[in-house]
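Right, one structure below, let's go through it.
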Amino acid sequence: MTGVVLITGAGRGIGAACALAAAGEGYAVGVNYRGDAPAAAGVVERIRADGGRAVAVQADVADPVEVARLFDEVTAALGPVAALVNNAGITGRITRFVDLDLATLQRVIDVNLIGCMLCCQEAVRRWAAVGGGAIVNVSSIAAVTGSPGEYVHYAATKAAVEAFTRGLAREVATEGIRVNAVSPGTVQTGIHAAGGDPERPARVAARIPLGRVGAPEEIAAAVLWLLSPAASYATGSVLTVAGGL
């Protein structure tokens, strides 16, 4: 499956790796970002330099009005969105749950869960008229481990994303829409520094059976497989890519 793919949170980390991998597979790529315009522009420039098509669009996925605008702007620039990768996500600061402030809790829920749901809702509405599409939601191994002492609130949102993925997949399967998720383990991205612990990947590597953290490109490969015709019989699946955890 090729065409236009919209990837949320695509300026950095796993999202950027997904954008570059998708362009390499022939997709035109909508690169969504919220705050880091230079990073998103850099991803677009790399895609265009290799002969691909891409556009960067700023939008907060937790806002339904901005989500609709995001889809409209990507469609206007590249054509109708045929695939969606819900990658935008935040942890908030690493802390024990009892010390978590309400504003951080609400924002993590809004971005990780509500944002994923709103983007899926917008995609399904648009695809009802064209007969199908493919969605991949980016979860986390935290949905299974719970991440005690670090970010159990984040883990809870990712567990909810996985439940939502399964339920939505079964709801829209007869409409030709596939919905899957990828559950990464610890990956070397800036999310750890953003949470206040840039050394976390090195610290947790020893507990991973493969003995190392993952690279964003390894997660992107799984995402692209789930979008592809090779995964045509997969829906409602959660593919764990976590080094053996």
Of all the residues that make up region 130-150, how many are in a loop (DSSP other than H, G, I, E, B), within 21 Å of residue 232 (Cβ to Cβ) and hydrophobic (A, V, I, L, M, F, W, C)? 1
Does residue 162 satisfy the condition of being surrounded by 17 or more Cβ atoms within 10 Å (Cβ to Cβ), acidic (Asp, Glu), out of contact with any Pro (no Cβ under 6 Å at 6 or more places or on another chain) and more than 27 Å from residue 79 (Cα to Cα)? yes
Residue 203 is checked against (1) among the basic types (Lys, Arg); (2) surrounded by fewer than 21 Cβ atoms within 10 Å (Cβ to Cβ); (3) assigned to a strand (DSSP E or B) and fails just one. What number does that condition carry? (3)
Checking residue 232 against (1) out of contact with any helix residue (DSSP H, G or I) (no Cβ under 7 Å at 6 or more places or on another chain); (2) among the small types (Gly, Ala, Ser); (3) without any contact (Cβ under 8 Å) to a residue 40 or more places away in the chain, which test does it fail? (3)
Which condition breaks for residue 45 when tested against (1) of a type in the set (Asp, Glu); (2) within 19 Å of residue 136 (Cα to Cα); (3) assigned to a helix (DSSP H, G or I)? (2)
Limited to region 222-237, what total is found for residues that are within 14 Å of residue 137 (Cα to Cα) and in a helix (DSSP H, G or I)? 6
Counting only residues that are without any contact (Cβ under 8 Å) to a residue 60 or more places away in the chain, in a helix (DSSP H, G or I) and not β-branched (Val, Ile, Thr), which one in region 168-177 is surrounded by the most Cβ atoms within 10 Å (Cβ to Cβ)? 168
Answer yes if at least one residue in region 25-35 is within 17 Å of residue 182 (Cβ to Cβ), acidic (Asp, Glu), at pLDDT 95 or above and not in a strand (DSSP E or B), and no otherwise. yes
With respect to residue 159, is the statement that it is in contact (Cβ under 8 Å) with a residue 60 or more places away in the chain and farther than 20 Å from residue 216 by Cα true? no
In region 45-80, which residues are surrounded by 24 or more Cβ atoms within 10 Å (Cβ to Cβ) and over 29 Å from residue 155 (Cα atoms)? 54, 74
One residue from 108, 98 being part of a helix (DSSP H, G or I), surrounded by fewer than 18 Cβ atoms within 10 Å (Cβ to Cβ) and not polar (S, T, N, Q): 98
May I ask you to verify whether residue 12 is of a type in the set (D, E, K, R) and in contact (Cβ under 8 Å) with a residue 60 or more places away in the chain? yes
Residue 119 meets each of (1) surrounded by 21 or more Cβ atoms within 10 Å (Cβ to Cβ); (2) over 22 Å from residue 239 (Cβ atoms) with one exception, condition (2)
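The values are calculated or read from the model by the stated rules, or taken from the named source; none is laboratory data. Quick caveat, the model's predicted, so the values are computed rather than measured. Every residue, glycine among them, receives a Cβ derived from its backbone with ideal geometry; neighbour counts consider all protein chains shown.
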